[in-house]
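Enquirer: Just dropping this structure here.
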């Protein structure tokens, strides 16, 4: 799964977007990671995840600039994998 597909699934299924708390899910590309951010209904942006584009690993944010612990992988977080298993 690509980062774009991941973001599209988040847009379609995120409870905050459906309830109106968030307006959109956007990405910001950094040197090493892609930040997946939520746009609040008042226009503010909050970080949701860091994604490593090389491995597909997904991390919680520790701060706006620093990743936290690993929470999954793009290939397994939605119950899918690329290995046909």
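The values are calculated or read from the model by the stated rules, or taken from the named source; none is laboratory data. This one's a predicted model, so the numbers in the text were calculated from it and none came from an experiment. A quick note on method: Cβ atoms are made from the backbone with ideal geometry, for glycine too, and the neighbour counts reach across all protein chains shown.
Enquirer: Taking the range 1-54 on its own, how many of its residues are assigned to a loop (DSSP other than H, G, I, E, B) and without any contact (Cβ under 8 Å) to a residue 60 or more places away in the chain?
Expert: Residues flagged as assigned to a loop (DSSP other than H, G, I, E, B) and without any contact (Cβ under 8 Å) to a residue 60 or more places away in the chain within the range 1-54 amount to 14.
Enquirer: Give me the pairs: first residue in the range 72-85 and assigned to a strand (DSSP E or B), second residue modelled with pLDDT of 75 or more, beta-carbon distance under 8 Å, and six or more apart or on different chains, which are they?
Expert: Sorted first by the residue in the range 72-85, then by its partner, the pairs are 72/57; 72/58; 73/55; 73/56; 73/57; 73/58.
Enquirer: Within the range 5-24, can you find the residues that are under 18 Å from residue 56 (Cα atoms) and touching a strand residue (DSSP E or B) at 6+ places or on another chain (Cβ under 8 Å)?
Expert: Narrowing the range 5-24 to residues under 18 Å from residue 56 (Cα atoms): 5-10.
Correct list: 6, 7, 10.
Okay, residues lined up against (1) surrounded by 14 or more Cβ atoms within 10 Å (Cβ to Cβ); (2) at pLDDT below 90; (3) within 20 Å of residue 1 (Cβ to Cβ); (4) more than 10 Å from the chain's Cα centre (by Cα):
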{"site": "18", "(1), (2), (3), (4)": "no, yes, no, yes"}
{"site": "21", "(1), (2), (3), (4)": "no, yes, no, yes"}
{"site": "32", "(1), (2), (3), (4)": "no, no, yes, yes"}
{"site": "42", "(1), (2), (3), (4)": "no, yes, no, yes"}
{"site": "77", "(1), (2), (3), (4)": "yes, yes, yes, yes"}
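Enquirer: For the range 48-73, give me each residue that is in contact with a strand residue (DSSP E or B) (Cβ under 8 Å, 6 or more places away or on another chain), more than 12 Å from residue 36 (Cβ to Cβ) and surrounded by fewer than 13 Cβ atoms within 10 Å (Cβ to Cβ).
Expert: Residues satisfying the conditions are 55, 62, 64, 68, 69.
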